[in-house]
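Structure, as structure tokens:
The values are calculated or read from the model by the stated rules, or taken from the named source; none is laboratory data. None of these values were measured; they are calculated from a predicted model. Glycine gets a Cβ as well: all are built from the backbone with ideal geometry, and neighbour counts include every protein chain shown.
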Amino acid sequence: MGRTLALAAVFLAACASTPPQAPSRAALEPIAWPGDSAATELAVLNRVSWGANRSSYADIARVGTGAWLDAQLRPAATALPPDAQAAIDKMTISQRPIGDIVAEIDEQRRAFRNASAEDRKAERQAYQQELTRLAREAQTRMLLRALYSPNQLQEEMTWFWMNHFSVFQQKGPIRALVGDYEERAIRPNALGRFRDLLGASARHPAMLVFLDNARNSAGRLNENYARELMELHTLGVDGGYTQRDVEALAQVLTGWSLNFAGGEPSRFYPRRHDNRDKELLGSTIRGNGAQELDHALDLLARHASTARFVSRKLTMFFVRDDPPMELVSAMARTFSATDGDIAQVLRTMFASPAFRASLGTKFKDPLQYTLSALRLALDQRPLPDALPVLGALARMGEPLYARATPDGYPLTRTDWASPGQLATRFEIARGIAYRVPTRLPLELAPPLGDATRDTLAKASSPQEWNLLLLSSPEFMHR
Amino acid sequence: MNRRSFLASTLGLMACGRLVAAPASMPRFLLVFLRGGYDAANVLVPVSSAYYYEVRPNIGVPKEAALPVDADWGLHPALAQSLHPLYLRRELALIPFAGTDDTSRSHFETQDSIELGQPLGGRSYASGFMNRLAAELGARSAISFTNQLPVAFRGEAQVANVALNAVGRTAVDARQSALIAEMYKGSSLGAQVNEGFAARDNVMRDLGEEMVAASRNAVAPRAFEAQAKRIARLMRGDYRLGFVDVGGWDTHVGEGGTTGVLATRLEELGRGLGAFSESMGDAWRDTVVVVISEFGRTFRENGNRGTDHGHGTVYWVMGGAVRGGRVAGEQMRVARETLFQDRDYPVLNDYRAVLGGIFARLYGLDATQLARIFPQAKSRDLAVV
């Protein structure tokens, strides 16, 4: 599996902007959605997208909720609006293979290290600026896809997994790697198999740097990644592993490190590997070099705790802050029965009564909030400048690729609805509201209560009306 | 500390039956959470332990370099200008072998369990111990200097939060704020929205002057130091209970010894805490700052000249009236035989017992009140405040 993935990755690098087709998997049973209506279409759209706008609403209204969800689960290749696509196409991260990018960055790093005292500061600054520029490209690409792609679920799930397998871009050279991490490790697998995601994340240099596995070698064990791999990525903290398992997995992971000399930016170094047999989660992993990683990841991906842990987290993102146990169990059964087919697990969730009953009740996190306001305000019109948006996300505590700790951003209302954050959110709302010349489309907003309607009537200008709409309790929810 | 006069005014408050600002005499308490598990063994260095030097050949702090504390302990030299003077003035006490019985060695699990402050097993996210303390004191004067409300402050009592590195001029004016608040009347978010506007106005009032001054200042002060000064300004005002967290302590790789990554971080933290104590002015006399972290780190250095997740840590207690200048609490000899699971510092001073003891002294709380803050915990009076 690892080899196929690496080959696919090499192939992909040549055509970075087209996502690959998922490998052949069982066909999805269509989702039946009895009693469909314009109101439920809008509610489902607000949940299973970065926010309703006129064009996406036209899409769901044309085919109905069930068929729209089916299509979102198995997205066909699609195009962005030409100017958004052109902006992505001209980025360095689209034009150059990652092997070349990291080789050049590494060259730059060595140059400033060896530079004379007077040149050093300038060269160091140039190096830092280049890293930041590359990260900004990746951030901008993320925003453009979230704002304009018709495959909204794929974009939401890309963020979800980027957050699940979170890396912090400020560490080491990750700013140069994070775009590739998203493009080749996460996004192609966002609706695919969990095991493929796990394998791609484990071998990616962004993860190897972030959780220190690049430094983990025989006799110089570093257990950072091993622990988080079980605690945060697969089993969950109560998933049934011990300190011994952490150490065994850390031994399995020895030797997986970086390669910045050109070509694939990570590789296995047999001489740094601890090739003894290991006992992991009650199974013996025979000393077998690079193969051990796949063996260990198979054990983790197919563990019952992983099925539950991942299903529970998906439910917290898409359904409720306190996941209904029955739904989590049903999703975990699908997870195990389909060998971790993410689209199948989501299908179980979308078809559940709990999902329907929860529509309109999830509190938006800052990213969902900002994107939904922008989508409503812009629709297909181009985003004038990504920087203020990235700044707003940072101000609200949810900057892209910048969660410092490996747990990723939290997913519940309690985490995002503190007094300070709400006050900041209204400031951000104002920033967007006052750039829109006319009133936002009321018919695409969630159903409003009396208090909000009465207050809107007091607005003194279209801009203030927009501010109030975007600040309303209804617009805070999806 | 003015326990008696404080109690009297608290009783007065309760009679009114509504929440008003805290009485001026109420002592101030700031909890500083070092997230990431700071390497306590390199901060309060066990200078008399031969085993320490044996298992930390690359990152150990030499006895000669450590600042004098007592025969067994020394302080990291990065704290020479900041916390060591406080220690010598007896305004800083150190509590080694402190922590929790949680042995997951997970950052997130252990941080949450400490912040919740509940007995292990069957915990509830409904409230954290700082929120229960705020509720017990019955005064609306708690604030978290963080972007998100930390688990410790979640719960029934209304607590404000503000990210001090992100305060700026507000664009939503008073009329618009009132209109927005109107939309939230009767909503489950109503209280937060009102608190958010109120805290924004407070912060702008208390910091307005400083922000004008700062904008004229050509040299940007270090990040945490600037933040700490703002915290002092706000806590000198109406706020009595505060929380702030500082990250960047998860030193798995290249931690350094006398100098290096940890030393730089410590220097910055120490400088910030020193600036806080100075900026508090007269109020420093009735202020207590407690610095905690989720766990200590492995006693031995790892293969990358760093340390991995451990168990027992060291808490710091500081304040103008703290009974400091000493190493407090239960202790034991630092040697291989005394390590927990042959790996980490043991925990001899449970965080609930230690903090309960401090709160009892500071606010004159009785056993029943303490049991509401730390259910089923036995508080231990280490007499540090």
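Assorted remarks:
- Test: A:Leu393 is more than 10 Å from chain B (Cβ to nearest Cβ) and either small (Gly, Ala, Ser) or not in a helix (DSSP H, G or I) (or both): no
- Just one of the numbered conditions (1) in a helix (DSSP H, G or I); (2) within 11 Å of chain A (Cβ to nearest Cβ); (3) touching a helix residue (DSSP H, G or I) at 6+ places or on another chain (Cβ under 9 Å) is not true of B:Arg105: (1).
- Of all residues assigned to the stretch A:182-199, none qualifies as being among the acidic types (Asp, Glu) and within 14 Å of another protein chain (Cβ to nearest Cβ).
- All told, B:Gln369 falls short of being part of a loop (DSSP other than H, G, I, E, B) and surrounded by fewer than 20 Cβ atoms within 10 Å (Cβ to Cβ).
- Among the candidates A:Ala451, A:Ala459, A:Ala423, residue that is hydrophobic (A, V, I, L, M, F, W, C), assigned to a loop (DSSP other than H, G, I, E, B) and at the interface with chain B (Cβ under 9 Å from one of its Cβ atoms): A:Ala459
- Whichever residue in the stretch B:195-211 is at the interface with chain A (Cβ under 7 Å from one of its Cβ atoms) and in contact (Cβ under 8 Å) with a residue 24 or more places away in the chain and, among such residues, is nearest to the chain's Cα centre (by Cα): B:Ala199
- Matching option when the condition is under 23 Å from A:Asp321 (Cα atoms) and either in contact with a Pro (Cβ under 7 Å, 6 or more places away or on another chain) or within 8 Å of chain A (Cβ to nearest Cβ) (or both), among B:Gln176, B:Gln192: B:Gln192
- Per the listing B:Thr146, B:Thr110, the residue uniquely assigned to a loop (DSSP other than H, G, I, E, B), within 12 Å of chain A (Cβ to nearest Cβ) and over 20 Å from B:Gly190 (Cα atoms) is B:Thr146.
- For A:Leu367: the one exception among (1) facing chain B (nearest Cβ under 10 Å); (2) of a type outside the set (Lys, Arg); (3) within 24 Å of the chain's Cα centre (by Cα): (1)
- Checking the stretch A:409-420 against the condition returns no match, with no residue being away from chain B (no Cβ under 14 Å), under 25 Å from A:Ala206 (Cβ atoms) and assigned to a loop (DSSP other than H, G, I, E, B).
- Scanning the stretch B:306-321 for residues that are part of a strand (DSSP E or B) and either more than 14 Å from chain A (Cβ to nearest Cβ) or closer than 24 Å to B:Gly356 by Cβ (or both) turns up B:Thr313, B:Val314, B:Tyr315, B:Trp316, B:Val317, B:Met318.
- Restricting attention to the stretch A:189-211, the residues that are farther than 17 Å from A:Trp256 by Cα and assigned to a loop (DSSP other than H, G, I, E, B) total 3.
- The stretch A:291-317 residues that are over 17 Å from A:Tyr241 (Cα atoms) and in contact (Cβ under 8 Å) with a residue 40 or more places away in the chain, paired with ones that are in a helix (DSSP H, G or I) and of a type in the set (Phe, Trp, Tyr) (beta carbon under 7 Å, 6 or more apart): A:Phe317/A:Phe160
- Failed condition for B:Phe97, given (1) more than 14 Å from chain A (Cβ to nearest Cβ); (2) farther than 20 Å from B:Gly270 by Cβ; (3) touching a His at 6+ places or on another chain (Cβ under 7 Å): (3)
- Meeting the requirement of 3 or more residues that are hydrophobic (A, V, I, L, M, F, W, C) and under 24 Å from A:Leu393 (Cα atoms), the helices (runs of 4 or more DSSP H) wholly within the stretch A:89-188 are A:117-148, A:152-164, A:174-180.
- The C-beta contact set for the stretch B:57-83 (first residue surrounded by fewer than 22 Cβ atoms within 10 Å (Cβ to Cβ) and outside any loop (DSSP other than H, G, I, E, B), second residue modelled with pLDDT of 95 or more and of a type in the set (Ser, Thr, Tyr), distance under 7 angstrom, 6+ apart or interchain) comprises B:Pro77/B:Thr258.
- Within the stretch B:220-261, considering residues that are part of a helix (DSSP H, G or I) and among the aliphatic types (A, V, I, L, M), the one modelled with the lowest pLDDT: B:Ala223
- Residue under evaluation A:Asp277, criteria (1) away from chain B (no Cβ under 14 Å); (2) among the acidic types (Asp, Glu); (3) farther than 27 Å from A:Arg136 by Cα; (4) in contact (Cβ under 8 Å) with a residue 12 or more places away in the chain, criterion not met: (4)
- Taken as a whole, the condition of being within 14 Å of chain B (Cβ to nearest Cβ), within 20 Å of A:Glu264 (Cβ to Cβ) and touching a residue at least 12 places away in the same chain (Cβ under 8 Å) applies to A:Arg215.
- The stretch B:149-173 - residue that is out of contact with any Lys or Arg (no Cβ under 8 Å at 6 or more places or on another chain) and assigned to a helix (DSSP H, G or I) and, of those, farthest from the other protein chains (Cβ to nearest Cβ): B:Ala152
- For the stretch A:218-250, the tally of residues that are of a type outside the set (A, V, I, L, M), over 25 Å from the mean Cα position of the chain (by Cα) and within 9 Å of chain B (Cβ to nearest Cβ) stands at 4.
- Any hit, the stretch A:431-445, residues being under 30 Å from the mean Cα position of the chain (by Cα), within 21 Å of A:Arg478 (Cβ to Cβ) and facing another protein chain (nearest Cβ under 8 Å): yes
- Hey, B:Arg140 assigned to a loop (DSSP other than H, G, I, E, B), of a type outside the set (Ser, Thr, Tyr), under 27 Å from B:Gly237 (Cα atoms) and within 14 Å of chain A (Cβ to nearest Cβ) or not: yes
- Single match in A:Leu191, A:Leu131, A:Leu144 (criterion: buried (at least 23 other Cβ atoms within 10 Å of the Cβ) and at pLDDT 95 or above): A:Leu191
- Flag for A:Ala354 being more than 23 Å from A:Thr438 (Cα to Cα), in contact (Cβ under 8 Å) with a residue 24 or more places away in the chain and not in a loop (DSSP other than H, G, I, E, B): yes
- Any hit, the stretch A:95-118, residues being modelled with pLDDT of 95 or more and on the phi > 0 side of the Ramachandran plot: no
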